[in-house]
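Working notes, beginning with the structure itself.
The values are calculated or read from the model by the stated rules, or taken from the named source; none is laboratory data. Remember, predicted model here, so these are calculated numbers, not experimental data. Neighbour counts are summed over all protein chains in view; Cβ atoms, including those assigned to glycine, are modelled from backbone coordinates with ideal geometry. Keep in mind that these areas ignore ligands, DNA and RNA; they rest on the heavy atoms of the full protein, side chains included. Shrake-Rupley method; radii C 1.70, N 1.55, O 1.52, S 1.80 Å.
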Amino acid sequence: MCRYCCSAEPGFVFLSEEEISRMASYIGLSFEEFIDIYCRKVDYGLYYMVSLKEKENYDCIFLTGNGCSVYEVRPEQCRTYPFWRGIADSDSSWLEEAGKCPGIGKGRVYGKEEIRKILESTTHEPYIILKK
């Protein structure tokens, strides 16, 4: 809940069609309107991927003074951090991420079983890929 990953540094929140549909519906926009207003295309050479926009100060487009304005329908990437494969796989990768994230080690403590369930519950819906 420190919001550091939602601000402070540039980054990407890649989106699936389902995530865009949920957020668009939540704020009362069509799928296309949502993409036009809140998304950007990230150039990956042969294709583009769709990511949430950032404000000029690198805050997520949905970060407000009260937190995430789409919290109830936020993308999986946001819901599950820092419990991602590659971070939660080993003590060394966890400690490495903790060195970058001021929120790790603060707040509620999650047990190994809870973390395992979070990792298993991730759907990894395919991100939107746009041809050039």
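Observations on the model:
- Residues that are in contact (Cβ under 8 Å) with a residue 40 or more places away in the chain and touching a Pro at 6+ places or on another chain (Cβ under 6 Å) occur at least once in segment 1-12.
- Residues satisfying the stated conditions in segment 84-132, i.e. of a type in the set (S, T, N, Q) and under 29 Å from Ile35 (Cα atoms): Ser121, Thr122, Thr123
- Test for Ser51: is it without any contact (Cβ under 8 Å) to a residue 24 or more places away in the chain and among the hydroxyl-bearing types (Ser, Thr, Tyr): no
- Residues located in segment 40-72, provided they are open to solvent by less than 50 Å² (accessible area, probe 1.4 Å) and over 15 Å from Cys6 (Cα atoms): Val42, Gly45, Met49, Val50
- Among the residues here, Ser30 qualifies as open to solvent by less than 50 Å² (accessible area, probe 1.4 Å) and free of Cβ contacts under 8 Å to residues at least 12 places away in the same chain.
- Identity of the residue in segment 13-27, closer than 16 Å to Glu72 by Cα and hydroxyl-bearing (Ser, Thr, Tyr), that ends up surrounded by the fewest Cβ atoms within 10 Å (Cβ to Cβ): Ser25
- Conditions (1) out of contact with any helix residue (DSSP H, G or I) (no Cβ under 7 Å at 6 or more places or on another chain); (2) at pLDDT 95 or above: number failed by Asn66: (2)
- Inter-residue pairs, beta-carbon under 8 Å, first on the phi < 0 side of the Ramachandran plot and in segment 67-87, second open to solvent by less than 20 Å² (accessible area, probe 1.4 Å) and of a type in the set (Phe, Trp, Tyr), 6+ apart: Cys68/Phe62; Ser69/Phe62; Val70/Phe62; Arg74/Phe62
- Filter result for the condition that a residue is among the acidic types (Asp, Glu) and either closer than 28 Å to Ile104 by Cβ or in contact with a Ser or Thr (Cβ under 9 Å, 6 or more places away or on another chain) (or both), over Glu33, Glu54: Glu54
- For Glu9: the one exception among (1) open to solvent by less than 90 Å² (accessible area, probe 1.4 Å); (2) part of a loop (DSSP other than H, G, I, E, B): (1)
- Meets criteria (modelled with pLDDT under 90, out of contact with any Lys or Arg (no Cβ under 9 Å at 6 or more places or on another chain), among the polar types (S, T, N, Q) and under 22 Å from Pro10 (Cα atoms)) for Thr80: yes
- Residues of segment 84-111 satisfying the condition of being surrounded by 13 or more Cβ atoms within 10 Å (Cβ to Cβ) and closer than 20 Å to Ala8 by Cβ: Trp84, Ile87, Glu97, Ala98, Cys101, Pro102, Gly103, Ile104
- Candidate set: segment 112-132, residues that are β-branched (Val, Ile, Thr) and open to solvent by less than 90 Å² (accessible area, probe 1.4 Å); chosen: the one nearest to Ser51 (Cα to Cα): Ile128
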